[in-house]
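Trainee: Below: one structure in structure tokens.
The values are calculated or read from the model by the stated rules, or taken from the named source; none is laboratory data. This one's a predicted model, so the numbers in the text were calculated from it and none came from an experiment. No Cβ is skipped: glycine too gets one built from the backbone with ideal geometry, and neighbour counts run over all protein chains shown. Side chains are part of the model used for accessible areas, which takes the heavy atoms of the whole protein and leaves out ligands, DNA and RNA. Shrake-Rupley method; radii C 1.70, N 1.55, O 1.52, S 1.80 Å.
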Amino acid sequence: MKKLFLTICFSLVFITLHSSYARIVELNDVNNAPKSQVPFSATIPDGLPDPNNLEEVVRFFRERFKNASVSRAEDFGDMNQANAVNVQHSAEYIQQMQENNKSTFEKIYDQAMERISDTSQDNGLITGTRFFELAPVQSQSAATELQQPNVPVVNAMLPTGRNVLVPAREHIPYMLSSFNILPTGLIQITEDITVVANGQKLKHGIIKRIPKFSQSRSGVRKKLDIQLLSVTINGREASYTLEEVGDNIIIKPTQQYVLQPGVYNYSFKYLLDRKLWYYDDFTEFYWDVTGSYLNLVITSANAIVSIPDGKNFLTQTVLTGYANRLTHNRAMIAALDDNALGFASTTPVLPGEGMHILVSLDKNVFLEPGIDRYIVWFITDYGDILFALAGFAAVLISYMLSWRYIKRQKKQSNGSFKLTAPTLRYLFKNRFDKTAFSAWLLELYRKNIIDIQQQEQTILLIKKTDDFSSLSRSEKKAMNNLFVGKDSVIAATSANALKFKRAAAAMEKGNKMLVKLLSLQLNIGYLLFSIGMLLLTELAIALLGINPLQTGLVLFSGTLTIAFYMWIMKRRFKSKIVNYAVMILGGLFILFAILLMGVYIKFISALILAMTVFIIFEYSELFGKRGGFIKTKTKNCEELRAYLEGHAHDIAHSHEFAVQQANIFALDLCALYPVNNDIVRNYKLDLAAEITQLL
């Protein structure tokens, strides 16, 4: 209650100077007074100046004043007596008496207006203060607007409970920041801001911006820990949230609203940690009261800093102005108590200007941080890098161990895979070629779907049924490309070469997809594990952020974007120009996603997350190759070829030839199976070879 009482008294005293706006008349306005239109033409006596020449008049009186003897009225006795001498006081004496009759704060206000009007003097400016980060210099037109006469005023109720008249223009008449520094180093902050809004700059209310990092005198930075307690507008609770944007923490409305013209009292309450800097002999606290970012004139900026009872301040400083024009002369410091200091501006604070307070305290005021707090601070500073590295290592190590396990042939694939003649060729040669397509035709012949005949010099494909239910989707598409419409016969001639090529392209796409699906089926466990580790890493990093939900969404969308464009960049197009364009654009979008994530976390952490996505892609593709998860299927292919090669004589004279004919052609074993009387009826290897030449 004691500190609350001091706060109220301090606020009431300082607001007095701003109520004088209605009583001030600027001397500069004399130049705007109406002047006589009739020139002065009277005869000027010798020795007197021309009254139309202002410089001559000033020079005349200046010379006269040098030789004048001014007597004080007190030398003539009691001026209240009837016989008192009627003496006219000098102008300097009258002005001095008027100044003496003014209140303390009227004097302060007049001096402040003189300083703000006189921009030709530096007034003891301080430059080169490295730990102040101020906004760029802006125009001072806003300050001159407040000095114009006959400005409309509006009644404003300040947070102190006092009614004052303030200019009815958009500005901040009053701002008070209260800092209660606790023994643990935590700082309880309450910021009361009175604003006059008219829908120009404050369309959506006050949005506060707080630096995300605190910087020491030696340039060391540490991330602040902030907890928003409440935000009220005219005493009513308002829904606000914290958001990280670059090197700033933004306190903004949860849902955007339109601020109607009027007078509003905002109150922001939050806890701040890691704002104090502990040096060898003292502890230091720094704060920019006005923030140096508001694009509004602040009539009265005030601050109160209190520390635990029984403790004292070592030094205190207040500086006001732009980055290169900081001065001590535009604010004052008042000792409210042994453990409480008050700071107040004595001139309006212009848009972009800052009011910086700096106090040093005895180190014994605060409890020495324990090992647990140092650990928490370390995780706050470097947790995103640690979690990103841990996730990357988990994904990389798991894939490397799995790959070694596969290379040792200890991994048995259990995925279902139909070894058709085209897939055998794909596994045997690691590609789909013309031979694979001709082998597929031989397989259709075995299934009695088509017949392959030779009439004179022409090879004919004859469709024997319209029931394609036993065929895959790609096989059905290939059949439709061969037999268009109601056609049931197609000649293997150059005139139909395009139909054959389209059918071959459909079969190639289908077989590649079949192998990829098998690879995905075998790789799904590792893929889910790696994706799960990536998401878990992002969740851990997001929980370190000021706004975990916002940070998590940014990281998730960023990694999703990186994954998509990595997948696009792995595609191959027929045109080299298109390939180059895709590579360049994909790289730019990936870089943009990394930079976007770098706004919310450290850039190195965002880069590690991108590398994790790259590792997942590379190993998934590696597992899908012939030496990966489908290695056992490739081995089955090699075993079948060895069987057909070792038993060629027996198979060539049995009914098994009709079953294995397509596989024999796909595995390049035609030379071991010449035509003979036992297989001549079903022998089509020679015709398949001619069709291959046609393609």
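Trainee: Would you work out what percent of the accessible area of region 455-522, with all protein chains in place, is carbon or sulfur (probe 1.4 Å)?
Mentor: 51 percent
Trainee: When ligands, DNA and RNA are left out and all protein chains stay put, how many square angstrom of accessible area per residue does region 232-326 have with a 1.4 Å probe?
Mentor: 42 Å²
Trainee: Continuing with the same structure: Please identify the trypsin sites (Lys or Arg not before Pro) of region 546-624 that satisfy two criteria: DSSP loop assignment and at most 13 other Cβ atoms within 10 Å. Which are they?
Mentor: The qualifying sites are K570, R571, R572, K574.
Trainee: Given a Förster radius of 45 Å and the C-beta distance between N579 and A642 as r, what FRET efficiency does 1/(1 + (r/R0)^6) yield to the nearest 0.05?
Mentor: Efficiency, rounded to the nearest 0.05: 0.70.
Trainee: Continuing with this model, one more query. Counting only C-alpha contacts under 8 Å and six or more residues apart, can you give the relative contact order of region 169-239 as a whole percent?
Mentor: 22 percent
Trainee: To continue, here is another question. Using a 1.4 Å probe, what is the accessible area per residue for region 543-656, in Å²?
Mentor: So region 543-656 comes to 56 Å² accessible per residue, rounded to a whole number.
Trainee: How many nm separate the modelled label positions at L471 and K201, each set 7 Å beyond the Cα in the direction of the Cβ?
Mentor: The two pseudo-label positions are separated by 7.4 nm.
Trainee: Can you give the extra length, in nm with one decimal, that the chain gains between D280 and L314 once fully stretched, where that is 0.36 nm per residue apart less the Cα-Cα distance?
Mentor: 10.8 nm
Trainee: Compute the FRET efficiency between L595 and I375 as 1/(1 + (r/R0)^6), taking r as their Cβ-Cβ distance and R0 = 45 Å, and round to the nearest 0.05.
Mentor: 0.90
Trainee: With unit charges on the beta carbons (Lys and Arg positive, Asp and Glu negative) and the dipole taken about the Cα centre of region 255-301, which residue among W277, Q255, L296 sits farthest to the positive side?
Mentor: Q255
Trainee: Taking the Cα-to-Cβ direction at R404 and at Q227 and moving 7 Å from each Cα, how far apart do the two end points lie in nm?
Mentor: About 4.6 nm, to one decimal.
Trainee: Explain nothing, just the number: dipole magnitude of region 633-695 about its Cα centre with +1 on each Lys and Arg Cβ and -1 on each Asp and Glu Cβ, in debye rounded to the nearest 20.
Mentor: For this selection, approximately 180 debye.
Trainee: For region 266-349, which whole-number percentage of the solvent-accessible area (1.4 Å probe, protein heavy atoms only) is attributable to carbon and sulfur atoms?
Mentor: 46 percent
Trainee: Follow-up. Quick one: of K516/K574; K476/K576; K203/K275; K434/K463; K464/K501; K429/K574, which pairs are farther than 25 Å apart, Cα to Cα?
Mentor: Over 25 Å Cα-Cα: K476/K576; K203/K275.
Trainee: While we're on this one: Quick one: if the Förster radius is 41 Å, what FRET efficiency do L165 and Q215 give, using the C-beta to C-beta distance and rounding to 0.05?
Mentor: Taking R0 as 41 Å, the efficiency between L165 and Q215 is 0.50.
Trainee: Right, something else. Specify the inter-centroid distance of region 294-352 and region 437-492, based on alpha-carbon positions, in whole Å.
Mentor: 91 Å
Trainee: Right, next: Under a point-charge model restricted to the Cβ atoms of Lys and Arg (+1) and Asp and Glu (-1), what is the dipole moment magnitude of region 471-566 relative to its Cα centre, in debye to the nearest 20?
Mentor: Magnitude of the dipole: close to 600 debye.
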